[in-house]
2 protein chains.
Amino acid sequence: MHGRDPGYILVAHGSGGKLTGDLFRDLFLPAFRNPYLEQAGDQAVVPLDGVRLAVTTDSFVVSPLFFPGGDIGRLAVYGTVNDLAVGGAVPAYLTAGFIIEEGLSTEDLRRVVQSMSEAAARAGVSIIAGDTKVVERGKGDGLFINTTGVGWVPPGVELGPARIRPGDRLLVSGPVGDHGAAVMARRAGLDFEVEGLVSDTAPLAGLVQALLAAFPGAVRCMRDATRGGLATVLVELATASGKAFRVDEAAIAVREPVRGLCEVLGIDPLYAACEGRMVAVVAADVAEAAVELLRTYPDGQQAMLIGTVAEGPPGEVLMRTVAGGSRRLELLEGEQLPRIC
Amino acid sequence: MHGRDPGYILVAHGSGGKLTGDLFRDLFLPAFRNPYLEQAGDQAVVPLDGVRLAVTTDSFVVSPLFFPGGDIGRLAVYGTVNDLAVGGAVPAYLTAGFIIEEGLSTEDLRRVVQSMSEAAARAGVSIIAGDTKVVERGKGDGLFINTTGVGWVPPGVELGPARIRPGDRLLVSGPVGDHGAAVMARRAGLDFEVEGLVSDTAPLAGLVQALLAAFPGAVRCMRDATRGGLATVLVELATASGKAFRVDEAAIAVREPVRGLCEVLGIDPLYAACEGRMVAVVAADVAEAAVELLRTYPDGQQAMLIGTVAEGPPGEVLMRTVAGGSRRLELLEGEQLPRIC
């Protein structure tokens, strides 16, 4: 895994970790190079006839299609809407591209589509265009969905890692790893034995808009922690901002069933996917108030401050462990949870 | 195939024919219902902060990935840009979502991405956001690509099947079936034996903009003939406009190698995919001039008028055959050319 490029694509290239980043930097970015893609955020913000248009795309290949707390359809809608929301955009429209393996039951497809419809209504977006392709048995895996989201960024909203300053605080909107644990449990057939393993799949726009309205200018940057989990987002943000982050493990909530399952499977919950958790970097003087505000929302009841931004080596994320030691968080080298979203 | 719903998805549901339409009307449209999706065009035109935004999405699952005259990457870029162009939109941005099967050679991926880059440059669009997922061996087929396109519709441009009037003429920008024949030939291993089988994959924006500039108001509606070929587009347009079309088989150019291969494989070239051919419905008084104009462009040298719009049963497309008879064109019931795009 380390060292030489094997010359072909590994499952780990889709992990959201180090190899995914390498592929982007070495292959996609040089070919497609433009200033928007170079932002390398969850979304691109581009000018269109006077509007600041926000655009994001995601393909979903989660296995299985249905899992505790959600399904591929809900995941696709919220995943894409959340990428827009955390960039400060107002989500407006979605497209949906379906790649179906021959033999998928029409009833399963109907359930997924119904779930997308409900999620879109809850998130306040319309699904305005779609496409359906079918591949032969053995050439796909039930159903893959691409959702692309389009929204607009209101005047005055400026977010991004370049705005992160030493002294800023790191805020997370709730416990981490729920989605990853729920999918892995279902995949391993353990979800009937471990109670309380439920994906956190949910829309983030409400929390985001509340923060932006209450603390304009003091919110520096937001991300949703998906593939790669909280740790990956922290390393990416620290790298993109050129700052060092200091994190306190004791402050990071991981629900008991999630922690238990991760121990059984040998997974680090800090790298397990969330699908309804926001990481925000906020100015120190509003940090406590921001947490209090988020806690007034059902999806933000366990919001927490987990660390600070420091002067220091760019991209370094040091975590003080519960045991009292210090651990450096890195991008995953290999693949921990394939096809988690 | 006829009659009862088998309860699961068939390859033919992705053919672009009758079953694809059934799936859209019976499953997707009721769940996602909104006025934009109901337009059921190649693209949706939606308002966004005062701009008429055009959005379209397509997933590409063509097999093989490389074929005479193109590859999946070029196809994805031009296919999506063309959907925008024929709707009268100015294409501006693309997103690209990659679903890679583990084991794809990095070199093949690099070739496809390079091809996308060149196509995007030629079409004048930027690829601004992307996503990469990897599935295990046997759960995909090399590479699937979703491209979603965003553009804007200039003031005054109003196109659509509702504007089609009896007496209008049907125009096609060149010979049909080239893409379908090229892919099928490569798949059957015949492409080294039949010379001149080359996909017509090309951007249409130049031809479209020329027509719109020269004949504002007289261009009623345009479509690009892709999956399902010329015949499918004609039936869809006749149905959407509530008019009857009269078509002359002798006027429809099919290149000799394409005709020959289709005969060998038992394929009707009128249902074979094109990827760089435009069907336009134009007012009768500009029809001849429109053809002359298109013929001044390299990609329009063999533009032709193939028929007229008549009062008559809505959706009826009657073709006068070369043999002197009459044949009614219908949507394909089954699957003729799986995974052609």
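Nothing in this text is a laboratory measurement; each read-out follows from the coordinates by a stated rule. These numbers come from a predicted model, not from an experiment. Don't worry about glycine lacking a Cβ; one is built from the backbone with ideal geometry, like all the others, and counts go over all protein chains shown.
Would you mention how many residues in region B:286-297 are farther than 20 Å from residue B:247 by Cβ and in contact (Cβ under 8 Å) with a residue 60 or more places away in the chain?
Selection size over region B:286-297: 3.
Report yes if residue A:184 is touching a residue at least 24 places away in the same chain (Cβ under 8 Å), more than 14 Å from chain B (Cβ to nearest Cβ), part of a strand (DSSP E or B) and not basic (Lys, Arg), otherwise no.
no
Take residue A:201 and decide whether it is within 14 Å of chain B (Cβ to nearest Cβ) and either in contact with a strand residue (DSSP E or B) (Cβ under 7 Å, 6 or more places away or on another chain) or under 21 Å from residue A:87 (Cα atoms) (or both).
In short, no.
Picking from A:149, A:140, which residue would you name as being within 14 Å of chain B (Cβ to nearest Cβ), more than 25 Å from residue A:306 (Cα to Cα) and part of a loop (DSSP other than H, G, I, E, B)?
None of the others qualify; the one that does is A:140.
Check region A:324-336 and report whether any residue there is away from chain B (no Cβ under 14 Å), within 20 Å of residue A:241 (Cβ to Cβ) and of a type in the set (D, E, K, R).
Checked against the condition, which is being away from chain B (no Cβ under 14 Å), within 20 Å of residue A:241 (Cβ to Cβ) and of a type in the set (D, E, K, R), region A:324-336 yields at least one hit.
Out of all the residues in region A:292-318, which are assigned to a strand (DSSP E or B) and under 24 Å from residue A:207 (Cβ atoms)? Explain how you work it out, then say what you get.
The initial filter retains those residues of region A:292-318 that are assigned to a strand (DSSP E or B), namely A:304-310, A:317-318.
Within region A:292-318, A:304, A:305, A:306, A:307, A:308, A:309, A:317 meet the criteria.
Looking only at region B:217-254, count how many residues are among the charged types (D, E, K, R), surrounded by 20 or more Cβ atoms within 10 Å (Cβ to Cβ) and either part of a strand (DSSP E or B) or within 19 Å of the chain's Cα centre (by Cα) (or both). Write out each step before concluding.
If we filter region B:217-254 for residues that are among the charged types (D, E, K, R), which is where we start, we get B:220, B:223-224, B:227, B:236, B:243, B:246, B:248-249.
Applying the additional criterion that residues be surrounded by 20 or more Cβ atoms within 10 Å (Cβ to Cβ) yields B:220, B:223-224, B:227, B:236, B:243.
Okay, now just the ones that are also either part of a strand (DSSP E or B) or within 19 Å of the chain's Cα centre (by Cα) (or both), so B:220, B:223-224, B:227, B:236.
Residues flagged as among the charged types (D, E, K, R), surrounded by 20 or more Cβ atoms within 10 Å (Cβ to Cβ) and either part of a strand (DSSP E or B) or within 19 Å of the chain's Cα centre (by Cα) (or both) within region B:217-254 amount to 5.
Inside region B:85-113, can you point out the residues that are over 22 Å from residue A:80 (Cα atoms) and in contact with a Ser or Thr (Cβ under 6 Å, 6 or more places away or on another chain)?
none
With respect to residue B:128, determine if the residue is among the hydrophobic types (A, V, I, L, M, F, W, C), within 20 Å of residue B:141 (Cα to Cα) and part of a strand (DSSP E or B).
For residue B:128, the condition - among the hydrophobic types (A, V, I, L, M, F, W, C), within 20 Å of residue B:141 (Cα to Cα) and part of a strand (DSSP E or B) - is not met.
Pick from A:180, A:167, A:149, A:124: which is over 24 Å from the mean Cα position of the chain (by Cα) and farther than 25 Å from residue B:228 by Cβ?
Within the list A:180, A:167, A:149, A:124, the selection yields A:167.
Specify the residue that is surrounded by the most Cβ atoms within 10 Å (Cβ to Cβ); the eligible residues are those in region A:50-92 that are among the polar types (S, T, N, Q) and in contact with a Lys or Arg (Cβ under 8 Å, 6 or more places away or on another chain).
A:59
Go through region B:121-137 and give me each residue that's at the interface with another protein chain (Cβ under 7 Å from one of its Cβ atoms) and out of contact with any His (no Cβ under 6 Å at 6 or more places or on another chain).
Scanning region B:121-137 gives B:126, B:127, B:128, B:129, B:130, B:131, B:132, B:133, B:135, B:136.
Go through region B:152-168 and give me each residue that's β-branched (Val, Ile, Thr) and either within 12 Å of another protein chain (Cβ to nearest Cβ) or touching a Ser or Thr at 6+ places or on another chain (Cβ under 7 Å) (or both).
Result: B:153, B:164.
Go through region B:1-23 residue by residue and tally those that are over 27 Å from residue B:92 (Cα atoms), more than 7 Å from chain A (Cβ to nearest Cβ) and either in contact with a strand residue (DSSP E or B) (Cβ under 9 Å, 6 or more places away or on another chain) or crowded, with 16+ Cβ neighbours inside 10 Å (or both). I'd like the intermediate steps shown before the answer.
Of region B:1-23, the ones over 27 Å from residue B:92 (Cα atoms) are B:1-15, B:17-23.
Cutting the leftovers down to more than 7 Å from chain A (Cβ to nearest Cβ) gives us B:1-4, B:6, B:12, B:15, B:17-19, B:21-22.
The next check asks that each one be either in contact with a strand residue (DSSP E or B) (Cβ under 9 Å, 6 or more places away or on another chain) or crowded, with 16+ Cβ neighbours inside 10 Å (or both); those that pass are B:12, B:15, B:17-19, B:21.
Within region B:1-23, residues that are over 27 Å from residue B:92 (Cα atoms), more than 7 Å from chain A (Cβ to nearest Cβ) and either in contact with a strand residue (DSSP E or B) (Cβ under 9 Å, 6 or more places away or on another chain) or crowded, with 16+ Cβ neighbours inside 10 Å (or both) number 6.
With within 17 Å of residue B:20 (Cβ to Cβ) and crowded, with 18+ Cβ neighbours inside 10 Å as the only criterion, which of A:151, A:130, A:142 stands out? So that I can check it myself, show each step before the final result.
Working: A:151 fails: within 17 Å of residue B:20 (Cβ to Cβ); A:142 fails: within 17 Å of residue B:20 (Cβ to Cβ).
On inspection, the qualifying residue turns out to be A:130.
Could you count how many residues in region A:38-52 are at the interface with another protein chain (Cβ under 7 Å from one of its Cβ atoms), out of contact with any helix residue (DSSP H, G or I) (no Cβ under 6 Å at 6 or more places or on another chain) and within 15 Å of residue B:149 (Cα to Cα)?
The number of residues fulfilling the criteria is 1.
Given the conditions (1) crowded, with 21+ Cβ neighbours inside 10 Å; (2) facing chain B (nearest Cβ under 9 Å); (3) more than 27 Å from residue A:129 (Cβ to Cβ), report the number of the one that residue A:27 does not fulfil.
The one condition residue A:27 does not meet is (1).
In the set A:71, A:58, which member is touching a helix residue (DSSP H, G or I) at 6+ places or on another chain (Cβ under 7 Å), more than 21 Å from residue B:49 (Cβ to Cβ), more than 10 Å from every other protein chain (Cβ to nearest Cβ) and acidic (Asp, Glu)?
A:71
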